[in-house]
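Heads up, the thing below is written out as structure tokens.
The numbers here are math on the coordinates, done by the rules we state, and not lab data. The model shown is predicted, which means the values in this text are computed figures rather than measured ones. Note that we place each Cβ from the backbone using ideal geometry, even for glycine, and neighbour counts take in every protein chain shown.
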Amino acid sequence: MSRRMPLLAFLLATSLLLPAAAHARRDPPAPPPTDTLRISVDDAVQRALARSEEMRAARALVQQTEGQVLQELSRALPQVSGMVTYDRKLQSIFQGVVADTGFFGQILKNSSFAAVHTWSADLTAQQLLWSGGKVGAALKAAKAANRSAHATEQETASDLTYQVRQAYYDAVYAARLVEIAESALAQARAHLAQVRSGRREGSRSEYEALRAEVDAANQEPQVVAARNGLEIAMLALKRLTNVPPAQPVVLGTPLASADGTVPVATDLSTAVERRPALAAADFEVEARRQAVKVYRGQRWPDLYVASTLSQQAFPSELWPRRDQFRRNWDASVRLEVPIFTGLRTEGQVAQASAQYEAARADRDRLREGAAIEATQARDELARTLSTLRARRETVRQARRAWELAGVRFTNGMSTQVEVSDARLQLQSAEVNEVQAMRDYLVAIAALERAVGHPLPVERKPLEDVTISPNLEGTR
């Protein structure tokens with residue numbers, strides 16, 4: 001019995017491990033991407049426009065309306081169809097007559113009445129001659145809907161561009177906050193080392209050492225919070241640009257340039273005539289207007305001309321010979337007159353008219369809202385530019401105050417509280433400057449979205465930019 005135990009244990013372990021190994025071979029886990037993607041803000045926009053779900057849906061709408069145009073156009077074109085039919089008589093009232101070898105029996109045997117096998121090949125052509133304007137109006141409505149879909153696609157691209165730029169600047173802003181927090185932590189730790197050295201030499205008090213330790217400890221949660229914010233911002237950017245969450249990404253466009261210049265819009269016009277959403281609304285109104293004509297045209301008759309070419313054979317066997325087919329060709333003119341439709345047409349006209357009026361109201365409301373949005377975006381751009389100038393000057397002053405506080409503390413002319421306050425003020429000023437730069441760049445993107453086209457910009461030193469009091473632009 002003892003000799004069998006190792007063998008049974010081996011078989012049991014094998015039976016448990018083999019299915020797991022086979023399953024692992026069938027479904028290997030996909031390795032996370034390890035290649036680093038370096039992406040600029042323009043690259044992020046182009047990637048989102050090419051791969052985002054929003055653009056895919058907008059392109060699908062364009063394709064759908066193109067199909068509607070072809071469908072309405074087909075009603076004005078000739079309709080040609082072919083049909084081949086085989087018919088076999090299983091039972092017939094003429095069976096007794098067909099069995100007769102006389103004159104009438106032979107005639108019925110080779111006709112559709114009593115033939116056992118009947119083959120028919122038909123070619124039919126039909127053309128609409130007049131429809132009371134329904135077909136033309138439907139085609140114009142479909143074309144207007146297609147143009148509206150194209151404009152909607154452009155508006156979607158504009159919205160997506162703004163969202164990507166905002167997410168990109170948020171990510172760069174979060175990365176800069178991490179740098180500021182880590183720099184502040186390094187400064188606090190360096191100052192703590194200096195205080196501890198002075199404490200060992202007897203030139204610093206225990207209170208100053210404890211205060212320096214508390215300042216350094218308080219800075220560590222801010223670093224963790226900044227890193228968490230960066231991770232969340234990067235995930236939002238990756239979602240918009242369809243980048244796998246696990247793939248490393250390096251942001252190549254900083255908020256502030258190395259030479260200290262900022263992009264300045266040279267034209268701050270708030271005209272919204274080029275806004276794609278307004279064009280889409282105009283085409284939607286036209287489509288609704290043509291729809292009213294379509295339903296009104298249903299009160300008029302339709303005139304068709306048609307022709308049918310038929311080949312029929314009645315073979316005694318299953319498969320006919322070519323010489324057994326007989327030709328029949330006819331033509332017809334058909335007039336379809338709607339006499340009474342149960343008030344359906346009147347209801348459709350009333351509904352289409354209401355939809356047309358609603359589309360006009362939506363267009364007017366959208367135009368008014370776009371004008372207000374453009375004005376607000378221009379005002380916000382001026383505000384953020386003014387804030388950015390103030391924040392940058394504040395950083396310069398706070399950095400100088402921190403340097404002086406450090407010198408005074410080294411020479412024994414100030415306390416630990418003064419150094420800590422100066423460092424916190426510098427950190428706060430740097431965060432405010434980065435926030436102001438991010439807000440300014442987002443404001444430019446928002447104004448471009450509001451007016452529906454890119455703004456002409458040029459880079460200038462911030463101190464050379466003058467803000468016009470009437471907010472009509474900068475110079």
Tensor-based shape of region 313-445 (alpha-carbon gyration tensor, a/c under 1.5 rounded, otherwise prolate or oblate) = prolate
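If packing is taken as the average number of other Cβ atoms within 10 Å across a peptide's residues, how do 369-377, 75-83 rank, most packed first? Walk me through the numbers before you get to the answer.
Details: 369-377: 16.7, 75-83: 11.3.
Output ranking for 369-377, 75-83: 369-377, 75-83.
With a ≥ b ≥ c taken as the square roots of the eigenvalues of the C-alpha gyration tensor of the chain, please select rounded if a/c is under 1.5 and otherwise prolate if a/b is larger than b/c or oblate if it is not? Kindly include the intermediate steps, with their values, before the conclusion.
Values: a/c = 5.04, a/b = 1.93, b/c = 2.61.
It comes out oblate by the Cα gyration axes.
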ask   = Nearest-5 percent of antiparallel DSSP beta bridges in the chain?
value = 95
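Run the numbers for ARG274 and ALA354: contour at 0.36 nm per residue of separation, minus the present Cα-Cα distance, in nm. Walk me through the intermediate numbers first.
On the way: separation 80, 0.36 × 80 = 28.80 nm, distance 2.77 nm.
My answer for the length gained is 26.0 nm.
Treat the count of other C-beta atoms within 10 Å as a stand-in for reagent exposure and order ASP35, ASP282 from fewest to most. If you can, show how the numbers build up before the last one.
Working: ASP35 6, ASP282 19.
Ordered by Cβ neighbours within 10 Å, fewest first: ASP35, ASP282.
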message = Shape verdict for region 111-240, please, from the Cα gyration tensor: rounded (a/c under 1.5), prolate (a/b greater than b/c) or oblate.
response = prolate
query = What residue among THR375, VAL349, ASN328 has its Cα farthest toward the positive end of the dipole of region 285-430, where the charges are +1 on Lys, Arg and -1 on Asp, Glu, each on the Cβ?
reply = ASN328
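Would you calculate, for the chain, the mean residue ellipticity at 222 nm contributed by helices, counting each DSSP H stretch of 4 or more residues as -39,500 (n - 2.57) and dividing by all residues, to the nearest 500? Let's see the in-between values first.
Values: 10 runs with 295 residues, N = 475.
That calculation yields -22500 deg cm²/dmol at 222 nm.
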ask   = Quick one: if you stick a label point 7 Å off each Cα along the C-beta vector at GLN91 and LEU318, how many nm between them?
value = 2.4
note = Exposure-ranked with fewest Cβ neighbours within 10 Å first, SER197, SER148, SER183 stand as SER197, SER183, SER148
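Arrange the following residues from fewest to most other Cβ atoms within 10 Å of their Cβ: THR156, THR85.
On the way: THR156 21, THR85 11.
Listing THR156, THR85 from fewest to most nearby Cβ atoms yields THR85, THR156.
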